[in-house]
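Structure in structure tokens, see below.
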Amino acid sequence: MKRCKPSTPRTLLTLALIGLAWSPAASMAQQRDADQPIHIEADRLDLDDIAGTAVYTGDVDIRQGTMRITGDRVELRRNAAGELSRATARGERAYLEQQPDPDQPVVRGWGRTVIYHAAERRVELIDRAELHQGGDTFDGGYLEYFLDRRVVQARAESEGVEGRQRIRMTLQPER
């Protein structure tokens, strides 16, 4: 079966954001996100359909269901199949949030760079990184969070991190 390439900005964006919320390992909550309308605010859009990129600049705010990405610049990349492969948000405080499941608290992440790897459902928070879920918090130079496995890896120093930013965390008692 031959796949058609998206030919309009709306089609590319729809595929990209559906990829954000819906991957093979995605939960029912993320499937519901994919069925929600997409709301985007930005000052500028540069779309390259052949390269599979959409770059939004100027106080970007992208929302779909429980998923939200903000930054001064947000770039969406898709693979050859037209599915989202990576979303990168940059800014003084780029931001990503999603509620993994209705019975779990919202995951919120900040950094000067926030990278969402769709296939692995993995988030990288780089430089002045923060991750919050419920009352648990992690801060440091570099944080990596695997959404499905609920695994956090943290580093005080990493590529793209300005200076040494010690790891701090607060973990709430299990209930």
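Quick note: the coordinates plus some simple rules give every number you see, no bench work behind them. If you're wondering where the values come from, they're calculated on a predicted model, not measured in any experiment. Because the Cβ atoms are built from the backbone with ideal geometry, glycine has one as well, and the counts that use them run over all protein chains shown.
Ranked highest first by the average count of other Cβ atoms within 10 Å around their residues, in what order do 101-110, 86-95, 36-45 fall? Before the final figure, lay out the partial values.
On the way: 101-110: 14.8, 86-95: 19.6, 36-45: 13.0.
Most protected by this proxy first, the peptides run 86-95, 101-110, 36-45.
Something else: On alpha-carbon atoms, Rg over Rh for region 70-175 using Kirkwood Rh?
0.98
If you don't mind, another one. Expressed in nm to one decimal, what extension gain is obtained for the pair Gln172 and Arg68 from 0.36 nm per residue of sequence separation less their Cα-Cα distance?
On the way: separation 104, 0.36 × 104 = 37.44 nm, distance 2.50 nm.
Net length gain for the segment: 34.9 nm.
Using R₀ = 22 Å, calculate the FRET efficiency as 1/(1 + (r/R₀)^6) where r is the Cβ-Cβ separation of Asn79 and Glu159; round to 0.05.
Numbers: r = 24 Å, r/R0 = 1.08.
E between Asn79 and Glu159, to the nearest 0.05, is 0.40.
7 Å from Cα along Cα→Cβ at both Phe146 and Arg44: what's the point-to-point distance in nm?
Each label point lies 7 Å from its Cα, and together they span 3.9 nm.
Is any residue of region 153-175 close enough, with backbone N under 19 Å, to a label point placed 7 angstrom from the Cα of Asp136 along the Cα-Cβ axis, and if so, which?
153-156, 167-175
Which value results when the Cα radius of gyration for region 43-82 is divided by 2.2 N^0.38 Å?
Values: Rg = 10.9 Å, N = 40, 2.2 N^0.38 = 8.9 Å.
So region 43-82 has a normalised radius of gyration of 1.22.
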